[in-house]
Amino acid sequence: DSESKERALVGEVISTVALAGQICRETTVSDHGIDMEIEFKDDNNKATGKMLFLQLKSGDSYLRTRKRDGSELFKIKKARHAEYWQKQAFPVMLVIRDSEGEVRWMRIDDYLRRESEEGKKPVKQIVFDGKRFDVMSVRRWRDKVLGQDLL
């Protein structure tokens, strides 16, 4: 069922973030479009207050393939979520786990700001170009958020 799939994704995210040596917290209050947060630690293993926010989705029903170009599309069901994601102080990542167990993520706050022309027009879907969610991708985001992006 969908609840079991969501809980499996939560566990996988927590595990991956822990293996990357970072802090992961589930958001337990009412759903406003952010399910979890990752707080990054510095080189001395101290919490920095710098984060990523995560919106988690598990199952194949969240993505559909556009016939004309093969792009994967994520439908935004609640316009208030898109508005909320754009207003966050830290990057917002859409994390999707498919039925095969593959977990991918994509930054969506900047995508939505760009597509909405800074909030002037509504965005109803995201062209999902998710990259593999794994320990190394969490560490790359840590370096980027902490200003240590050497790429």
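So, in segment 78-116, of the ones that are of a type in the set (D, E, K, R) and within 17 Å of residue 137 (Cα to Cα), which residue ends up most open to solvent (accessible area, probe 1.4 Å)?
In the first step, residues of segment 78-116 are kept if they are of a type in the set (D, E, K, R); the result is 78, 80, 83, 87, 97-98, 100, 102, 104, 107, 109-110, 113-115.
Keeping just the survivors that are within 17 Å of residue 137 (Cα to Cα) gives 97, 102, 104, 107.
Numbers: 97: 54, 102: 90, 104: 38, 107: 70 Å².
Result: 102.
Just to be sure before I move on: is residue 119 surrounded by 12 or more Cβ atoms within 10 Å (Cβ to Cβ) and modelled with pLDDT under 90 in the structure I sent?
For residue 119, the condition - surrounded by 12 or more Cβ atoms within 10 Å (Cβ to Cβ) and modelled with pLDDT under 90 - is met.
Among residues belonging to segment 49-64 that are in contact (Cβ under 8 Å) with a residue 12 or more places away in the chain and not in a strand (DSSP E or B), point out the one that is least open to solvent (accessible area, probe 1.4 Å).
So the first thing to find is which residues in segment 49-64 are in contact (Cβ under 8 Å) with a residue 12 or more places away in the chain, and the list is 50-60, 62-63.
The next check asks that each one be not in a strand (DSSP E or B); those that pass are 59-60, 62.
Values: 59: 9, 60: 87, 62: 54 Å².
Filtering segment 49-64 for residues that are in contact (Cβ under 8 Å) with a residue 12 or more places away in the chain and not in a strand (DSSP E or B), the one least open to solvent (accessible area, probe 1.4 Å) comes out as 59.
So residue 8 fits all but one of (1) surrounded by 19 or more Cβ atoms within 10 Å (Cβ to Cβ); (2) over 27 Å from residue 110 (Cβ atoms); (3) hydrophobic (A, V, I, L, M, F, W, C); what number is the exception?
(1)
Kindly establish whether residue 34 is of a type in the set (A, V, I, L, M), in contact with a strand residue (DSSP E or B) (Cβ under 9 Å, 6 or more places away or on another chain) and part of a loop (DSSP other than H, G, I, E, B).
yes
Here's a check for you: in segment 37-48, which residue that is open to solvent by 30 Å² or more (accessible area, probe 1.4 Å) and not polar (S, T, N, Q) is nearest to residue 16 (Cα to Cα)?
Looking at the filtered set, the residue picked out is 37.
Looking at 14, 23, 34 in this structure, which one is under 17 Å from residue 103 (Cβ atoms) and either out of contact with any His (no Cβ under 7 Å at 6 or more places or on another chain) or surrounded by 16 or more Cβ atoms within 10 Å (Cβ to Cβ) (or both)? First the steps, then the outcome.
On the way: 23 fails: under 17 Å from residue 103 (Cβ atoms); 34 fails: under 17 Å from residue 103 (Cβ atoms).
Selected residue: 14, the only one of 14, 23, 34 that is under 17 Å from residue 103 (Cβ atoms) and either out of contact with any His (no Cβ under 7 Å at 6 or more places or on another chain) or surrounded by 16 or more Cβ atoms within 10 Å (Cβ to Cβ) (or both).
The values are calculated or read from the model by the stated rules, or taken from the named source; none is laboratory data. Quantities reported herein were computed from a predicted structural model and do not represent experimental measurements. With ideal geometry, Cβ positions are generated from the backbone for all residues, glycine too; neighbour counts draw on all protein chains shown. Please note that ligands, DNA and RNA were not included when accessible areas were found on the heavy atoms of the full protein model with its side chains. Shrake-Rupley method; radii C 1.70, N 1.55, O 1.52, S 1.80 Å.
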